[in-house]
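Q: Quick one: the structure is below, questions incoming.
Here, each number is a calculation from the coordinates, and none is a lab measurement. Remember, predicted model here, so these are calculated numbers, not experimental data. A quick note on method: Cβ atoms are made from the backbone with ideal geometry, for glycine too, and the neighbour counts reach across all protein chains shown.
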Amino acid sequence: MPKNPTPTNWNPNFDNRPTSDVPRIRFSERFSSSYLEKRKRILEIGCGTGSYTRLIDRDGCLGLDIDINVIKIAKKYCKNSEFIVASALNLPFKREVFDLICIWGVFEEIPAGTEKQIVLEVQRTLMRNAVFLLSAYNDHFVSKILDPAHIFRGVRHYNLQRFLNLFGEGGLIVSEFSVRGGLNTLIANFLFYFYKHILKRKEGSLKSFFDIRSADELNSDEDGIVYIFMAGYKRQ
C-alpha cells in the first residue's frame, strides 16, 4: 500500500522566493497558455511560494496552499493575485466557482489514497465546461532511481492511466496529455536537490547548463519519461 511521503522541511534561507525559472514551472506556463485565454477565475492548488502564480499573476487568480509560510512568500512576489491557506481535500468554495483549476506537482505530496477526493473537489468547484490542468511525476524505473525526492522522502510517481481513470471517475473529459522530459531533466532535478541540500547554494554553472538542456527536452515534441501533463474539461 502506498505510503505518505516525508514532509518537505521549510528552510527560510532557500525557500524564500518563487522558483519560477525551474524548467518544469516554465513548461507548465507554456502548457497552460492556450487554456488561460478568457479565463477569469483561476485557482492554483498547492501554489507553494508562487512559482507558477508569478508567471500568470493577474486579477482573478487565487493561490491555495496548506502552508502559511509559503503563502507569505507568494504574496510578496505576486501582487495581482490573492492567496488562501486551505486543504485541497476540502476546498472552502461553493459549487462551480472557477473556470480553470491547476495542480502542478502536488499529487505526489498528498496523503496516499486521496487522489480521487481531490479530483472530485476540483470537479465540484469548476464551472461547466471549465478547465482542469495537472502535472505529476511519471512512474518510470529510470525516473524513480534518479529522483532524490523519491529515494529519500518517498515522493510518489504515477502512471498515465491512473490519471486517465481519475478524470473519468471525476466527471472530467481528457483533452490533452503528454509525458515530457528525459535524462537531462532528471539530471537537472538531481542537481536542484544537490545544490540546495549539499552545496547550500541556489545556483551554479553546472545546474544552469542542465536547466537549459532540460528546458529544451520539455519543449520538444519527443515522448519523455519524467513528467505527466494533462488537461481536461468538466462535462456540461
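Q: Quick one: what Rg and Dmax do you get for the chain from the alpha carbons, in Å?
A: That works out to 16.8, 51 Å for Rg and Dmax.
Q: So, one more: Can you list the residues, at least 5 places off or on another chain, whose amide H is less than 5 Å from the amide H of ASN138, using H built in the peptide plane?
A: HN-HN under 5 Å from ASN138: TYR158, TYR227, ILE228.
Q: Same structure, new question: Within the set of other residues whose C-beta is less than 9 Å from the C-beta of ALA130, count the net charge using Lys and Arg as +1 and Asp and Glu as -1. Mind dumping the intermediate values first?
A: Working: positive: ARG39, ARG41, ARG128, LYS234; negative: GLU96, ASP99.
So the surrounding residues net to +2.
Q: Can you tell me which of 85-92, 98-105, 162-169 comes out highest on packing, and rank the rest after it, using the mean Cβ neighbours within 10 Å?
A: 98-105, 162-169, 85-92
Q: Are any of the pairs LYS75/LYS116; LYS94/LYS116; LYS3/LYS144; LYS94/LYS234; LYS116/LYS144; LYS116/LYS234 more than 21 Å apart by Cα-Cα distance, and if so, which?
A: Working: LYS75/LYS116 30 Å; LYS94/LYS116 19 Å; LYS3/LYS144 15 Å; LYS94/LYS234 16 Å; LYS116/LYS144 23 Å; LYS116/LYS234 15 Å.
The pairs that break the limit, which is 21 Å between Cα atoms, are LYS75/LYS116; LYS116/LYS144.
Q: Can you work out ³J(HN,Hα) from phi for every residue in the range 93-101, in order, using Karplus 6.51 cos²θ - 1.76 cosθ + 1.60 and θ = phi - 60°, giving whole Hz and x for Gly and Pro?
A: Listing the rounded values in order: 9, 6, 5, 6, 9, 10, 9, 7, 10 Hz.
Q: Can you list the lysines whose alpha carbon sits under 24 Å from that of LYS72, skipping same-chain ones fewer than 8 residues off?
A: In chain and number order, the partners are LYS40, LYS196, LYS200, LYS202.
Q: At what distance in nm do the modelled label points of ARG17 and ARG201 sit from each other, each positioned 7 Å from its Cα along Cα→Cβ?
A: The two pseudo-label positions are separated by 1.7 nm.
Q: Further question on the same structure: Suppose a student asked you for the relative contact order of the range 117-236, using Cα pairs under 8 Å spaced at least 6 residues apart; what percent would you report?
A: 44
Q: About the Cα centre of the chain, what is the dipole size in debye to 20, counting +1 per Lys and Arg Cβ and -1 per Asp and Glu Cβ, all else neutral?
A: Working: 33 positive and 27 negative charges, 126 e Å.
With Lys and Arg at +1 and Asp and Glu at -1, about 600 debye.
Q: Which order, highest average first, do 178-189, 44-55, 212-223 follow once you tally other Cβ atoms within 10 Å for each residue and take the mean per peptide?
A: Highest mean packing first, the order is 44-55, 178-189, 212-223.
Q: I'd like the FRET efficiency for VAL142 and LEU89, computed as 1/(1 + (r/R0)^6) with the beta carbon distance as r and R0 of 41 Å, rounded to 0.05.
A: Numbers: r = 32 Å, r/R0 = 0.77.
FRET efficiency, VAL142 to LEU89: 0.85.
Q: Once Lys and Arg get +1 and Asp and Glu get -1 on their Cβ, which of PHE31, GLN117, PHE83 lies farthest toward the positive end of the dipole of the chain?
A: Value computed over the given set: PHE83.
Q: Of the DSSP beta bridges with both residues in the chain, give the percent that are antiparallel, rounding to the nearest 5.
A: About 45 percent, rounded to the nearest 5.
Q: Of the listed peptides 199-206, 72-79, what is their order by residue-averaged count of other C-beta atoms within 10 Å, with the highest listed first? If you can, show how the numbers build up before the last one.
A: Working: 199-206: 11.1, 72-79: 16.5.
Taking the mean over residues of other Cβ atoms within 10 Å, the ranking is 72-79, 199-206.
Q: Tell me, what is the percent relative contact order of the chain, built from C-alpha pairs under 8 Å that lie six or more residues apart?
A: Computed value for the chain: 21 percent relative contact order.
Q: Can you compute log10 of I(q)/I(0) for the range 126-214 with the Debye formula, treating each Cα as one identical point scatterer, at q = 0.21, 0.23 Å⁻¹?
A: With no solvent term, the Cα-only Debye profile gives -1.02, -1.12.
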